[in-house]
Amino acid sequence: MKFVEYADSEMMAIDLANIVAAELTEALHQNDRVCLAVAGGTTPGPIFDALCAADLDWTRVDVMPTDERWVPEDHARSNAGLIKQRLLVDRASAARFLPLFMPATRPEDVLPELESMIAPALPIDVALIGMGEDMHTASLFPDSDGLAAALDPHAPILVPIRRPDLPESRVTLSARVLRAATCKHVVFRGAAKKEALTQSRHLPDIEAPIQSVLSDATIHWAV
Ligand SMILES: O=C(O)[C@H](O)[C@@H](O)[C@H](O)[C@H](O)COP(=O)(O)O
């Protein structure tokens with residue numbers, strides 16, 4: 001595991017966008033299509049703003065969220081909405097987006113359809129993964145309903161996640177799918193998350209889900 005510390009988040013965003021663009025370009029030399037999985041939340045936005053202009057063959061790139069809140073794309077909390085507003089613009093507008101949400105009351109009602117769309121795009125070539133202060137990543141939240149299933153080595157591609165404090169149900173790529181990504185970048189800001197990562201090293205995956213995807217990952221951190 002490699003650790004890269006940046007003086008500020010602007011430098012981190014530009015450097016990470018360049019790294020991801022280079023890794024996608026390399027993957028495009030080896031494959032007809034490549035897969036980019038990206039986190040939602042507030043950290044990736046500036047990275048997307050730089051990455052969307054990357055000069056690569058986006059027509060051969062599949063983009064998917066690492067996880068999704070179970071809300072329509074036009075909802076303020078939608079990761080699909082975030083990705084389409086900030087990443088799939090400029091040159092990157094030519095990419096194909098693979099959603100983790102479909103209109104249905106519960107994720108369980110449409111998981112087979114969602115997985116049938118995601119499966120052909122796997123494995124992930126480049127994953128841009130976030131982390132919370134509670135040591136969650138994607139929607140692999142400690143103490144959540146679904147976490148054990150999502151951490152299972154034989155887990156399905158997608159797993160529904162619920163926790164009473166979460167505003168809505170979630171769907172997440174399972175840990176095995178995230179872990180299998182060829183290039184993995186974990187990105188976060190702030191001393192609290194850096195401390196959480198340090199503490200997570202001493203805990204089992206079920207208490208510190210970030211640990212389930214860290215193998216061979218590069219950690220990018222800015223104050
Ligand atoms: O849907 C999401 O919210 C993300 O996929 C989630 O895993 C996020 O990466 C972390 O919660 C960090 O979020 P921030 O970047 O907002 O701190």
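The values are calculated or read from the model by the stated rules, or taken from the named source; none is laboratory data. Bear in mind that the values here come from a model prediction, so they are computed numbers and not experimental data. Cβ: placed from backbone, ideal geometry, glycine included. Neighbour counts: every protein chain shown. Keep in mind that these areas ignore ligands, DNA and RNA; they rest on the heavy atoms of the full protein, side chains included. Shrake-Rupley method; radii C 1.70, N 1.55, O 1.52, S 1.80 Å.
Each residue in region 66-98 was checked for being of a type in the set (Gly, Ala, Ser), open to solvent by 30 Å² or more (accessible area, probe 1.4 Å) and either more than 15 Å from the ligand (Cβ to nearest atom) or within 13 Å of the chain's Cα centre (by Cα) (or both), and 2 of them qualify. Return a yes/no flag: does region 45-60 have any residue that is closer than 17 Å to Val171 by Cβ and either in a loop (DSSP other than H, G, I, E, B) or modelled with pLDDT under 95 (or both). Checking region 45-60: not a single residue is closer than 17 Å to Val171 by Cβ and either in a loop (DSSP other than H, G, I, E, B) or modelled with pLDDT under 95 (or both). When Thr25 is tested against (1) free of Cβ contacts under 8 Å to residues at least 40 places away in the same chain; (2) of a type in the set (S, T, N, Q); (3) part of a loop (DSSP other than H, G, I, E, B), just one condition goes unmet, and that condition is (3). Scanning region 164-191 for residues that are within 13 Å of the ligand (Cβ to nearest atom) and either under 12 Å from Ser212 (Cβ atoms) or in contact with a helix residue (DSSP H, G or I) (Cβ under 9 Å, 6 or more places away or on another chain) (or both) returns Ser169, Arg170, Val171, Thr172, Leu173, Ala175, Leu178, His185, Val186, Val187, Phe188, Arg189.
Every residue, every condition in (1) touching a Gly at 6+ places or on another chain (Cβ under 9 Å); (2) outside any helix (DSSP H, G or I), yes or no:
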| site | (1), (2) |
| --- | --- |
| Glu113 | no, no |
| Met117 | no, no |
| Asp134 | no, yes |
| Ala150 | no, no |
| Thr172 | yes, yes |
| Ala181 | no, yes |
| Gln199 | no, no |
| Glu207 | no, yes |
| His220 | no, yes |
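Which of the residues that make up region 119-132 are in a loop (DSSP other than H, G, I, E, B) and either in contact with a Lys or Arg (Cβ under 7 Å, 6 or more places away or on another chain) or under 16 Å from Leu214 (Cα atoms) (or both)? The answer is Ile124, Asp125, Gly130, Met131, Gly132. Residues in region 108-138 that are within 14 Å of the ligand (Cβ to nearest atom) and out of contact with any helix residue (DSSP H, G or I) (no Cβ under 8 Å at 6 or more places or on another chain): Gly130 alone. Among residues of region 40-56 that are open to solvent by 40 Å² or more (accessible area, probe 1.4 Å) and within 11 Å of the ligand (Cβ to nearest atom), those with a Cβ under 6 angstrom from a residue that is of a type in the set (Gly, Ala, Ser) and not in a loop (DSSP other than H, G, I, E, B), sequence gap 6+ or separate chain, pair up as Pro46/Ala13. The single condition from (1) within 18 Å of Thr43 (Cα to Cα); (2) open to solvent by 50 Å² or more (accessible area, probe 1.4 Å) that Arg106 fails is (1). State all residues of region 176-200 that are open to solvent by 60 Å² or more (accessible area, probe 1.4 Å) and either modelled with pLDDT under 95 or closer than 14 Å to Glu5 by Cα (or both); if no residue qualifies, say none. Residues satisfying the conditions are Arg189, Ala191, Lys194, Glu195.
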